[in-house]
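First up is the structure itself, then whatever we jot down about it.
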Number of protein chains: 2
Amino acid sequence: MLTYSLGDRGEESLYGYLYRRIKEDIESGAIPAGERLPSKRALAEHLGVSLVTVEGAYGQLVAEGYVSAKPRRGFFANPVDRPATRPRRSAPVAAPAVHGPVAAGVAHGSAWPPAASAEKPLLADFTGGEVAAELFPYRAWARAMRDVLSHEPERALLCESPSMGSVRLREALAAHLRSFRGMEADPACIVVGAGAQTLYNLLVQLLGRGRRFAVEDPGYPRLTSIYRANDVELSHVPLDGAGIGMAALRSSGASVAHLVPSHQFPTGLVTSVSRRYELLGWANDAEGRYVVEDDYDCEFRLAGRPIPSMQSIDASERVIYANTFARSMGPAFRVGYLVLPAHLARRFQSELGFYSCTVSSMEQLALARFIEGGDFERHVRRMRTHYRALRDRLLAALSDGPWGDRLRVEGADAGLHFLLRVDSAATEADLVRAARAEGVALAPLSAFRQASVGSGRCAGAFGEGGAPSFVMSYAGVGRDVVPHAVRALERAFDAAEREAARAGARR
Amino acid sequence: MLTYSLGDRGEESLYGYLYRRIKEDIESGAIPAGERLPSKRALAEHLGVSLVTVEGAYGQLVAEGYVSAKPRRGFFANPVDRPATRPRRSAPVAAPAVHGPVAAGVAHGSAWPPAASAEKPLLADFTGGEVAAELFPYRAWARAMRDVLSHEPERALLCESPSMGSVRLREALAAHLRSFRGMEADPACIVVGAGAQTLYNLLVQLLGRGRRFAVEDPGYPRLTSIYRANDVELSHVPLDGAGIGMAALRSSGASVAHLVPSHQFPTGLVTSVSRRYELLGWANDAEGRYVVEDDYDCEFRLAGRPIPSMQSIDASERVIYANTFARSMGPAFRVGYLVLPAHLARRFQSELGFYSCTVSSMEQLALARFIEGGDFERHVRRMRTHYRALRDRLLAALSDGPWGDRLRVEGADAGLHFLLRVDSAATEADLVRAARAEGVALAPLSAFRQASVGSGRCAGAFGEGGAPSFVMSYAGVGRDVVPHAVRALERAFDAAEREAARAGARR
């Protein structure tokens, strides 16, 4: 029976202490994988604590993937893929900006980010779409792949999957969306493809190129690049505090609105529930209007109540749901999917069914196994826990420092980035330069603005003229680096402020 | 030392007998993989045969992949992936028509092929793009995949590859093209993507949608579907006996000609060398013209001298080379590549470099290893030997039967299909129906014709009004089935002929 000396817990709560000790024992292997934990009642009696305390600790361990609860059988320790301890950034690799600004900046020929060449080596990079690669469930994925190679009939691996994807994977995705996102998705309406970009190319072919698409401004520059490369008319519609601006959307003439309602990039804005219904109303106002719900970041809601997907409140087949595994499984992993309204799924079948599915059968089957066996959900839970702790540490360091009351954070409840507003007399560009001189790379919000509908300049809540703002993509920053990075930022903000004051005095 | 009793060889040639016995011993494992064979001179002396005899047998074994010749070290038995013995067609699977008519027919809403439901079970299907799945080098591929999982640094698998593909894979492809196809391809000009279809979508974005594309008529219907889905202007240009018709191409107004010069689908036509130079001349006549050289079938040249690729005789950066692994590795395998002229590679980098590569890093690395280690070349050699024997058997059965002198075969020197012309009073449709009634599925040439430039109907060597013609895709037909399939075809041709005579008499 597990025995922990509750007298050693200091100021920790009983349940928090119990949770932490069991977690550490699972991580260290003291409780081996597969071992059955004592029943809640037995452990409570053994330790002399209340049943509620044990329930709290077990519940947290289950939520974080350390322990599995099996109905009528009890609680079992899960295998832990311990992160290999190797230094981050030891071997520089090509920046894998997935939903990140770096590649997009390059694609737009922008001068940002500044070349890093002769400068101070980077201490922390808040500009990348990098994810914590050491969290990748490498062993579990390798196991899924080996299982496929050993156990699937060869025919299943050698035959082309249906155009919309392997039926088995589509069923696994539908089950995942049901349990994880509360969505009803018919597997027959799911289209699997080699990443979101490939799927958006197909979407243009499915909906027709003669349309105008609207995207959010500020927004994800690669999306602009994709739609431009597809020669569709494109409008950039400014965000207000609740989501994409309805008046500007209406006047844009667009019939498709491509949105990131759960956690917008780059602002972190969560589209309000009432705005979601307004958008569905807009889509129903005229024939052939659609909302593309880009849910790429939804696995990483870190706080607050869940907001239902637009797909799940759409009664009129107006929402096209899109998601990928690039965020959860890493950018090398090229699988995404769409959930189409039924009439569009039929149209896909009849008009685009000549296409081959763009993901190898072997990879589709491995992913299906990975989802079916619970590995994917466990992995996402672990990542969420990791990122929540990382975010908390970063936010605490920022607010506890000397600049604390001059910083404002927005959009930090979900996803792997938030918006940092700085109350400073210096410009965004000045602050970026000063931070770089201290070894911290920052992405200014202005890099994500486009020429918007109407004004020709991005206005509104995230428009020009506000406080200097930075898109803080923190997923690739090491936990231990956080305090040093924040101190460096503070020095940079101080220096830029002094420089701005001197320049003001000279004028 | 290998000892075979040459007196037992019956009527076989000495060299043929020796070749067959060594092959059987390698297949059975009597000569284990990796074992060094005796030197040619030593074996010749030992068996009392001439050196030329041993050289002939060894040469054949090397060509077919049973044996590797290592310079200055000798000859070594290769590992043999013995095909599992299981009945073909035991479990029906979705028709994996890669470069095949089935899916294309469906995509075009054509009534062909006729529904198979209540009819006689299929004895042989000459309509599919199926390949002999049991030839897939399953173990070698699984080994490459496992090696990647075990030996590649995790970072390499978890990071996104460059937009144009993994450098290592592009280098392996360039080396393969050099040794196998005599082509000089700069790895920096290679673009890897999830199959040809994805790459053609990108190609339209690279070259610009405001162009007219020309494709061959008759041709591959999926290509028509892809270009139509991309909203480019499309011309179908009739083939003459040497390739695409130059006068019709010139008058079409197209600036891009998408051709299959090595072994056209569906006619099997090999574009003549002089026509290749004419085409390069056409491309040089005006700014911005290109030839897309679709080389999808080039691994399967079965006879005759090799014809250099158009890419290798192009001095003016006018040829875009395209190939995939769907034919050699099976349709479940979604990897293709383009070799771009240098100026287009630069344009790709600057204008489309924002795209992520559509193939997972893991799969790219496994394929690179598979090519580097010689597995791919061995596999292709094995397949070629298999298909050559299958084709020979089929052609012999056709020409030796009662219909032999009323059949004409075209385009059988390469690829996995040929054209069968039938001197019959019956129509193509009659013959298709009669064959189906005998359990043989045939693809009529007419299913691949489009409304052509000029006449509005496909004219020329492969146009309407000729003898009934069938596209014989034989790769998926079992060797043992061949004689039965040919007998069934002969019964069908007889029946259709009688029916046509009766109908003629009634008129």
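Of note:
- Qualifying residues in segment A:331-375 (those that are of a type in the set (Phe, Trp, Tyr) and farther than 15 Å from A:Arg170 by Cα) - the one nearest to the other protein chains (Cβ to nearest Cβ): A:Phe354
- Within segment B:235-261, being over 19 Å from B:Gly460 (Cα atoms) and open to solvent by 10 Å² or more (accessible area, probe 1.4 Å) holds for B:Gly253, B:Ser255.
- Of the residues making up segment B:262-281, those that are open to solvent by 10 Å² or more (accessible area, probe 1.4 Å) and of a type in the set (Gly, Ala, Ser) are B:Ser262, B:Ser272, B:Ser274, B:Gly281.
- Any hit, segment A:351-365, residues being farther than 21 Å from A:Leu149 by Cβ, open to solvent by less than 20 Å² (accessible area, probe 1.4 Å) and assigned to a helix (DSSP H, G or I): yes
- The set of residues in segment A:8-43 that are surrounded by fewer than 18 Cβ atoms within 10 Å (Cβ to Cβ) and among the aliphatic types (A, V, I, L, M) comprises A:Leu14, A:Ala30, A:Ala33, A:Ala42.
- Considering only residues in segment B:216-271 that are under 28 Å from A:Asn201 (Cβ atoms) and basic (Lys, Arg), the one that is farthest from the other protein chains (Cβ to nearest Cβ) turns out to be B:Arg228.
- Checking A:Tyr227 against (1) open to solvent by less than 30 Å² (accessible area, probe 1.4 Å); (2) of a type in the set (Phe, Trp, Tyr); (3) within 22 Å of A:Ala368 (Cβ to Cβ), the condition it does not meet: (3)
- Listed conditions (1) closer than 26 Å to A:His386 by Cβ; (2) buried (at least 18 other Cβ atoms within 10 Å of the Cβ) are all met by A:Arg436, apart from (1).
- Some residue of segment A:56-63 being more than 30 Å from B:Gln349 (Cβ to Cβ), at pLDDT 60 or above, surrounded by fewer than 20 Cβ atoms within 10 Å (Cβ to Cβ) and β-branched (Val, Ile, Thr): yes
- Inside segment A:182-199, residues that are touching a strand residue (DSSP E or B) at 6+ places or on another chain (Cβ under 9 Å), open to solvent by 10 Å² or more (accessible area, probe 1.4 Å) and of a type outside the set (Val, Ile, Thr) make up a count of 4.
- Single match in B:Ala345, B:Ala366 (criterion: among the hydrophobic types (A, V, I, L, M, F, W, C) and within 24 Å of the chain's Cα centre (by Cα)): B:Ala366
- Test: B:Ala214 is touching a residue at least 12 places away in the same chain (Cβ under 8 Å), assigned to a helix (DSSP H, G or I) and surrounded by 19 or more Cβ atoms within 10 Å (Cβ to Cβ): no
- Scanning segment A:200-222 for residues that are within 24 Å of the chain's Cα centre (by Cα) and over 23 Å from A:Trp282 (Cβ atoms) yields A:Asn201, A:Leu202, A:Pro221, A:Arg222.
- Boolean, A:Ser179 is part of a helix (DSSP H, G or I), open to solvent by 50 Å² or more (accessible area, probe 1.4 Å) and closer than 23 Å to A:Tyr337 by Cα: yes
- Test: residue in segment B:385-404 that is crowded, with 22+ Cβ neighbours inside 10 Å, charged (D, E, K, R), within 24 Å of the chain's Cα centre (by Cα) and not in a strand (DSSP E or B): yes
- Looking only at segment B:248-267, residues that are of a type outside the set (A, V, I, L, M, F, W, C) and over 19 Å from B:Thr324 (Cβ atoms) come to 6 in all.
- Screening A:Arg388 with (1) among the basic types (Lys, Arg); (2) within 14 Å of chain B (Cβ to nearest Cβ); (3) closer than 30 Å to A:Leu61 by Cβ gives one miss only, at (2).
- Top-ranked residue in segment B:121-136 [being open to solvent by 20 Å² or more (accessible area, probe 1.4 Å) and at pLDDT below 75; ranked as farthest from the chain's Cα centre (by Cα)]: B:Glu134
- Cβ pairs under 8 Å, 6+ apart, first in segment A:307-323 and polar (S, T, N, Q), second open to solvent by 10 Å² or more (accessible area, probe 1.4 Å) and part of a loop (DSSP other than H, G, I, E, B): A:Ser309/A:Gly182; A:Ser309/A:Ser262; A:Ser312/A:Gly182; A:Ser312/A:Glu184
- Flag: A:Ser316 does not match the condition of being over 24 Å from A:Pro187 (Cβ atoms) and either more than 18 Å from the chain's Cα centre (by Cα) or part of a helix (DSSP H, G or I) (or both).
- Looking only at residues of segment A:282-304 that are more than 13 Å from the chain's Cα centre (by Cα) and open to solvent by 30 Å² or more (accessible area, probe 1.4 Å), we find that the one that is nearest to A:Glu377 (Cα to Cα) is A:Ala303.
- Top-ranked residue in segment A:140-166 [being more than 10 Å from chain B (Cβ to nearest Cβ) and closer than 20 Å to A:Phe376 by Cβ; ranked as most open to solvent (accessible area, probe 1.4 Å)]: A:His151
- Segment B:132-173, residues that are in contact (Cβ under 8 Å) with a residue 12 or more places away in the chain, assigned to a loop (DSSP other than H, G, I, E, B) and not aliphatic (A, V, I, L, M): B:Phe136, B:Pro137, B:Glu152, B:Cys159, B:Glu160, B:Ser161, B:Pro162, B:Ser163, B:Gly165, B:Ser166
- Residue ID - farthest from A:Ser424 (Cα to Cα), chosen from residues in segment A:445-472 that are modelled with pLDDT of 90 or more and open to solvent by less than 10 Å² (accessible area, probe 1.4 Å): A:Phe448
The values are calculated or read from the model by the stated rules, or taken from the named source; none is laboratory data. This is a predicted model, so every value here is computed, not measured. Positions of Cβ are backbone-derived with ideal geometry, glycine not excepted, and every protein chain shown enters the neighbour counts. Surface accessibility is based on the protein's heavy atoms, side chains included, excluding ligands, DNA and RNA. Shrake-Rupley method; radii C 1.70, N 1.55, O 1.52, S 1.80 Å.
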